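Every number in this text was worked out from the coordinates using simple rules, so none of it is lab data. Only a predicted model underlies this, so the values are computations on that prediction, with no experimental measurement involved. Every residue, glycine as well, gets a Cβ built from its backbone with ideal geometry; the counts of neighbours run over all protein chains shown.
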Amino acid sequence: MSSLTKQELVDVFALHLRDAEDELMYADGTDGAPDTSKPQRAHIYGPGTKQFARADTERNNKNMERLQRKGKIKKTTDETLKEKADFAIAVTKSLENIDSDNGKAGEDLFAEVYFNPKLSHITEQVELNARNTANFMPGSTKT
């Protein structure tokens with residue numbers, strides 16, 4: 001008999017971020033060139049965690065409230081950006097080798113990154129990869 005526990009998802013996946021040209025991102029070295037020993041990663045909670053469930057439930061609840069309040073689910077651009085950023089913040093455990101331009105850390109750093117529309121490619125990666133259960137299979141090394 002096979003044990004189902006072997007199929008359980010791990011809680012956190014280290015996503016090696018990609019830039020807008022789909023190249024892997026690295027922190028700058030002392031010479032200003034990318035330092036390949038310092039990958040820029042988002043450590044994200046997956047579908048098997050309370051953090052993910054809370055973020056997903058919050059998004060669904062806001063959509064239902066909007067539907068009940070306005071009679072439609074249509075969102076403004078700002079609402080869509082905020083929804084995506086809020087979800088990404090809620091499922092991020094940490095950011096690795098990413099420094100704030102304003103000295104921020106923790107959730108304040110996450111907000112600085114995810115609320116910046118010019119970094120939307122990062123927010124999109126976090127959301128898509130958090131929803132991909134394959135990333136959270138034991139031993140997953142996808143980047």
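Residues considered: Phe115, Phe110. Of these, the only one that is closer than 20 Å to Lys38 by Cα and among the aromatic types (Phe, Trp, Tyr) is Phe110.
What strands (runs of 3 or more DSSP E), lying completely within segment 1-85, carry at least 3 residues that are surrounded by 15 or more Cβ atoms within 10 Å (Cβ to Cβ) and under 16 Å from the mean Cα position of the chain (by Cα)?
12-16, 41-45
Of the residues making up segment 60-88, those that are touching a residue at least 12 places away in the same chain (Cβ under 8 Å) and hydrophobic (A, V, I, L, M, F, W, C) number 4. Of all residues in segment 87-139, those satisfying the criterion of being of a type in the set (Phe, Trp, Tyr) and farther than 16 Å from Asp56 by Cα are Phe110, Tyr114, Phe115, Phe136.
Out of all the residues in segment 125-142, which are surrounded by fewer than 14 Cβ atoms within 10 Å (Cβ to Cβ) and within 13 Å of the chain's Cα centre (by Cα)? Before the answer, list the steps.
If we filter segment 125-142 for residues that are surrounded by fewer than 14 Cβ atoms within 10 Å (Cβ to Cβ), which is where we start, we get 128, 133-134, 138-139, 141-142.
Residue satisfying the conditions is Leu128 alone.
Within segment 89-143, which residues are under 16 Å from His16 (Cβ atoms), in a helix (DSSP H, G or I) and either in contact with a Ser or Thr (Cβ under 7 Å, 6 or more places away or on another chain) or in contact (Cβ under 8 Å) with a residue 60 or more places away in the chain (or both)? The answer is His121, Ile122, Gln125, Val126, Asn129, Ala130, Ala134, Asn135, Phe136.
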